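Heads up: the structure comes next, in C-alpha cells.
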Amino acid sequence: GKGDYGDPFVCLTFADGSRTSDFVFESSEVKDEKPTLSGMPCALPPSCPDDQTLHVILKEACRPTLRLHLFYTAYSAENVISRRAVLENGTGETVVINKLLSSQLDFEDSDYIMTSFHGSWTNEMNRSETPCSGKNIVNETRLGFSSNRANPFVMLSRPDATETSGEVYASNLIYSGNHYECAQSGELARLRFSTGIHPEGFSWLLKSGESFETPEAALCYSAEGFGGVSRCFHRFVRKYIIRGIWANKAKPVLINSWEAAYFDFDENRILSIAKQAKQLGVELLVLDDGWFGRRNSTKTSMGDWTANPEKLPHGVRGLADRIHDMGMQFGIWVEPEMVNPPTKLYKEHPDWIYHFANRVSDTSREQYVLDMTREDVQQFVYQMLDDLLTSYDVDYIKWDANRPISQSNLDRSVWYKHIEAVYDIVKALKKKHPHVLFEACASGGGRIDYGILGIFDDFWTSDNTDACDRLTIQDSYSYIYPIKAMRAWVTDCPNFISNRDIPMRYRFHSAMMGTLGIGCNILKFSDEETKLAQEMIALYKEIRPIVQEGDFYRLENLSEDDYRSYEYLKDTKGLLFVFLSHTRIGHRPLTLKLRGLKKDTRYKLTYGDQEIIKSGAYFMARGIDLRLSGDYASELIFISEM
C-alpha cells in the first residue's frame, strides 16, 4: 500500500477486511543476549558472550499496538547473522497473517547469480545457476517437507565468484516445512531476496495478545568464494545447530539391515549380521523396516508398532539385549507420521489422517499421513516412541517419512503446525532420552535443512547409495551442511539403482567422506572383502575426528579428466580424498593444490609407499602431481605437520 512493488515481506488481513499495512520505525536496541518472544521450536540457542542481537521494533502506522519485531543476531566468530521476525498483536482484534517471511535483503544492483539445488528421489541436490538480472526467480516447496525437490539453501554470487574468490551471499532457512526463496530483479535493476515460510496455502489467525514468530534464516557473506561460505556455515552448524551430546561426540559406524535383508529376515539372520559386523569393527546395528505387525511389504502394518512374533520371537527387547551383549549399540527404524489403511490404528481412528470429507483419501507408497496437528495423534506418536525407547533400550532412531502431504485439512496453518509437532515430539523424547541418536530420513533427502538438524542429530543423505553418484550428491550438500551430519553407506554391487559395479575400496572411500555406515549383505563377503572392510573401518575410526570435525575444502580439478578431490584439516592433521571415476588414455596427471595450510610450516604427505615433505606455501602454490588409473580409482592421502 505504499508504492513498493517488490516482493512483500508481510501480508495481513484486518478485521475490517483491509489488507494494507505500513510498518514504521519505533525503536531499536543492541543486546548481548538473544531475546525471544514466542520461541519458535527450532530457534537457535543463546549466542556466545561476544555475539550480539539487534532488536528493531516497527509499529503499524494506523494500528500502533500492532508491532513487528525484527531480530538480527550476529555470530561473530562464524561470520553468520540470523534473522527472524515476530508479529505482536495488541490491537484488540484478530489479525490474519497471510504472509510473514524471515528475512529480506535489498541489493543496489541485480548483477548476481542465484544458485539453488533441485532434484528428486535418489537424485538430490543438482546445482542450478540462474542470472538474476531482469528475472523473478523462486526456489520453493509446497509438499509439507523441505523436500528433495528444492532445498531451502540459496546462494547469490557475483558472476566472477569461484570456489576460492569473489563475493557470495548465502541463506538457509532453519525450518523443515514449506519454504519460499525469491530473488526479484525490480525497479532500477535492484535485487530483492526474501526467504521464509511459503505463503501459498498458509494462514494464521493471530488473536489479540498473541504473537507469531517466524523461523530464523541463517545468512552469511564471504569474499572468499563458495568455499568461504561453506566453512563459515559448517562451523556455525557444529557450534550452534547440532545440540546435545552428539554436538561433541563422534558418530558411530553402523550397519543397517535394509539393503542386506529388506523385509526377508528373522532374529537369527539379524544376529548373524550383527556377529559378522562386530568382527568388522561396526559399533551400531540398525534394524530397518519390517520388524512390526505383519510387515512383509509396504502395503500393511505401518501404525501397528508391535514386534512381529514370527520374525522376532523374543521381541525387540530380546534382540536388543543380544546385540548389546555383543558390545554393540542397537537402533531401529520407524515412520511415525504415517499409517497404512489395513491396520488396527486406521480402523480405530480413521479421522486421524489428513483428508477432506468430500474427497477420496489419497495414498502414496500405500500410506496415509497422520494429522500431526491433533493433540491425540501427537500423544500417540510420542507414547509409541517413548515406550520403544524405554522398554527396548534403543540407542538410535531412524525416523523416516516416505511421502509428502497432498491433502491436508481446512486449517491453512496445518503446514506450520505439522512441523512444529515433529520438532516438539523429538525435543521431548531427547530430553527424556538424551543418549539416543536421532537420524532424520525422508525417502533419503526429502527433509534436510537446518531446522531438522537443530532437532535431530544426523540425516540420511540419499537413498541412492551408488558410490559415484553419492560423490555428486555429497559435494552439493557440502556447500551448506557439515560433513558430520551426512550419513553415508557402503552397499552391495551391482548397485540396486544404477546397476554399476564399483570396487569396494572406492565405495569405502566415498562413504568415509561422511559418517560411515554399512548397508551390504556382509554374510556374503569373501575373505578378501572381509579383510578390506576390517581395514577400512579401522582406518575410518582413526581419521573420524578429522572427517567429522575438520574444516572442509573442495579442491579445484586442474586436469581434463573427471577427478574429484576433497581436503579435511583439523589441528595438525589432515586428509585428501581423490577419486577418478573413468580413465582416459593419455590423460595428464592431476595437479593437486592444497588449501588452508600454514605457509611457513613444513608438512608431510603420505600415500601408498610415497612420502613428500614440503612447506605449506609449496603445497598450496605448486601442489603435487597425482595420476590415478583405471575406472573407479581412489586414493586417501594423509597430511601431518612436521
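Observations, loosely collected:
- Whole-Å distance, taken between Cα centres, linking region 455-497 and region 219-273: 9 Å
- Note on region 238-393: with neighbouring protein chains present and a 1.4 Å probe, carbon and sulfur make up 46 percent of its accessible heavy-atom surface.
- Charged side chains reduced to their Cβ positions (Lys and Arg at +1, Asp and Glu at -1) give region 510-642 a dipole of some 460 debye around its Cα centre.
- Dividing the C-alpha radius of gyration of region 522-642 by 2.2 N^0.38 Å, with N its residue count, gives 1.13.
- Residue-count net charge about THR591 - beta-carbon cut-off 10 Å; Lys, Arg +1, Asp, Glu -1: +1
- Three principal axis lengths of region 254-295 [C-alpha, angstrom, descending]: 32, 17, 14
- Kirkwood-type hydrodynamic radius, region 556-596: 11.4 Å, calculated from all non-identical alpha-carbon pairs.
- Against the rule of thumb 2.2 N^0.38 Å, how large the Cα Rg of region 530-600 comes out: 1.31
- The Cα atoms of region 81-169 cover 53, 38, 26 Å along the three principal axes, with the biggest extent listed first.
- The value obtained for region 1-122, namely the Cα convex hull volume divided by the number of residues, is 193 Å³ per residue.
- Calculated P(r) over Cα pairs in 20 Å bins from 0, in percent (choose from (i) 18, 51, 28, 3; (ii) 16, 40, 28, 13, 3, 0; (iii) 12, 36, 29, 18, 5, 0), label: (i)
- Cα Rg, Dmax, region 460-575, angstrom units: 14.2, 42
- Calculated SAXS-style log₁₀ I(q)/I(0) at q = 0.11 Å⁻¹ - region 352-496, Debye, Cα scatterers: -0.50
- Cα-based values for region 340-429, radius of gyration first and Dmax second, are 13.8, 44 Å.
- Principal axis dimensions, region 135-195 - Cα atoms, whole angstrom, descending: 35, 32, 17
- Over region 169-254, the hull volume per residue, using the convex hull of the C-alpha atoms, is 201 Å³.
- In summary, the convex hull built on the alpha carbon positions of region 567-632 has an orientation-averaged projected area of 4.8 nm².
- Here region 221-354 is treated as a Stokes sphere of Kirkwood radius computed over C-alpha pairs; at 10 °C and 1.306 mPa s its diffusion coefficient rounds to 90 µm²/s.
- Among the protein heavy atoms of region 422-476, carbon and sulfur supply 56% of the accessible surface, probe 1.4 Å, non-protein parts ignored.
- √(5λ) per eigenvalue of the Cα gyration tensor, region 126-278, largest first, Å: 38, 23, 18
- Highest to lowest packing among 282-292, 22-32, 492-502, 186-196, scored as the average C-beta count within 10 Å: 282-292, 186-196, 492-502, 22-32
- Annotation: per residue accessible area for region 186-321 equals 36 Å², rounded to a whole number [probe 1.4 Å, protein chains only].
The values are calculated or read from the model by the stated rules, or taken from the named source; none is laboratory data. Computed from a predicted structure; not experimentally measured. Cβ sites come from the backbone with ideal geometry, for glycine too, and all protein chains shown count toward neighbours. Note: areas computed on protein heavy atoms with side chains; ligands, DNA, RNA excluded. Shrake-Rupley method; radii C 1.70, N 1.55, O 1.52, S 1.80 Å.
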